[in-house]
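Q: Below: one structure in structure tokens.
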Amino acid sequence: MRRAFVWAILVLGAIFVMCSAGMAQNPPAGQRPAQGNPPAGAPANPPQQGMRGPAPPVQGPPHDPHDLTGVWNARRGYGGDTYVGSKPEFTPWGEEQFKKAKASNGGQYTLTETNDPVITKCYPPGVPRIYLQPFPWQIVQTPKEVILLYEYDHTVRHVFTDGRKHPDDVTPSYMGDSIGHWEGDTLVVDTIGFNDKSWLDRAGRPHSDQLHVTERFQRMNENDLELDATIEDSKALAKPWNVHMGFQLRPTWTLEEQVCADNGDFVSFEK
């Protein structure tokens with residue numbers, strides 16, 4: 001049932017691109033419907049409250065804030081072509097690269113016109129764009145690492161929490177090299193070692209191989225996980241870009257098979 005819903009959303013998205021090029025996208029693209037909307041007057045989130053919205057956390061039973069395990073999906077209002085909050089400031093190089101992007105998610109370009117590397121080449125989305133893909137993801141914890149399993153294209157990240165440092169000769173990759181540690185109730189994930197073949201979001205904002213992403217995961221209650229990410233790139237960004245995503249626990253969901261290669265028929269949908 002969940003599979004049919006996701007693909008129905010994707011096909012409707014393609015129709016939207018074809019029929020309303022140049023129009024703004026209706027958020028949130030591709031997200032499963034949120035359930036259990038919070039009651040009026042629900043408590044506000046701690047730090048960076050202005051970045052946290054539009055759907056606030058839902059109160060839940062007591063929980064262990066150091067236990068992040070479970071299947072998570074973006075809360076209502078998150079997702080679409082970019083993140084909640086301010087837009088980045090580019091360097092001249094970054095601005096030049098952004099002008100070259102032909103994103104289809106916002107409706108300006110069709111699926112045959114876009115140069116989105118995820119759509120045209122099946123490249124992994126990278127970090128933090130992976131959270132904008134309209135699919136759930138799962139956290140698995142062990143004593144030495146936190147494993148992030150994304151339904152999108154079976155993407156996997158290993159966040160080592162055993163005290164190791166980044167290797168001196170890190171091999172550039174789409175998802176980077178990640179190490180993590182706890183600061184109180186917040187899991188801090190530091191990721192470097194990216195290549196320059198992905199976008200920062202679905203709108204086409206670029207990055208270079210100097211990209212450095214710091215993610216801060218905080219479980220507010222049993223039902224809600226907050227992610228604050230700082231994106232730094234001395235070549236592409238004039239200053240750090242702070243973004244936010246909010247996720248809701250889906251205890252009855254399991255990750256399904258989703259393979260980018262299977263999207264070939266979808267890319268040629270409008271032919």
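Q: For D67, D116, what's the largest-to-smallest order of accessible area, 1.4 Å probe?
A: The residues order as D67, D116, largest area first.
Q: Here's a follow-up. Ranked highest first by average number of other Cβ atoms within 10 Å, how do 166-174, 142-150 line up?
A: Result, highest mean first: 142-150, 166-174.
Q: Can you tell me what the convex hull of the Cα atoms of segment 96-219 projects to on average, as an area in nm²? Each step should come with its number before you reach the end.
A: Numbers: hull surface 33.6 nm².
Mean shadow area of the hull around the Cα atoms is 8.4 nm².
Q: Expressed as a whole percentage, what fraction of the accessible surface of segment 137-271 belongs to carbon and sulfur atoms when a 1.4 Å probe is rolled over the protein heavy atoms?
A: 48
Q: Could you give the semi-axes, largest first, of the ellipsoid that matches segment 156-201, computed as the square roots of 5 times the alpha carbon gyration tensor eigenvalues and rounded to whole Å?
A: For segment 156-201, the semi-axes come out at 21, 14, 8 Å.
Q: How much length is gained if the chain between K121 and Q59 is pulled fully straight, taking 0.36 nm per residue apart and subtracting their Cα-Cα distance, in nm to one decimal?
A: So the extension gain works out to 18.2 nm.
The values are calculated or read from the model by the stated rules, or taken from the named source; none is laboratory data. Being a predicted model, the structure only gives us computed values, none of them experimental. Counting neighbours? That spans all protein chains shown, and the Cβs are built from the backbone with ideal geometry, glycine included. Heavy atoms of the whole protein, side chains included, go into the accessibility calculation; ligands, DNA and RNA do not. Shrake-Rupley method; radii C 1.70, N 1.55, O 1.52, S 1.80 Å.
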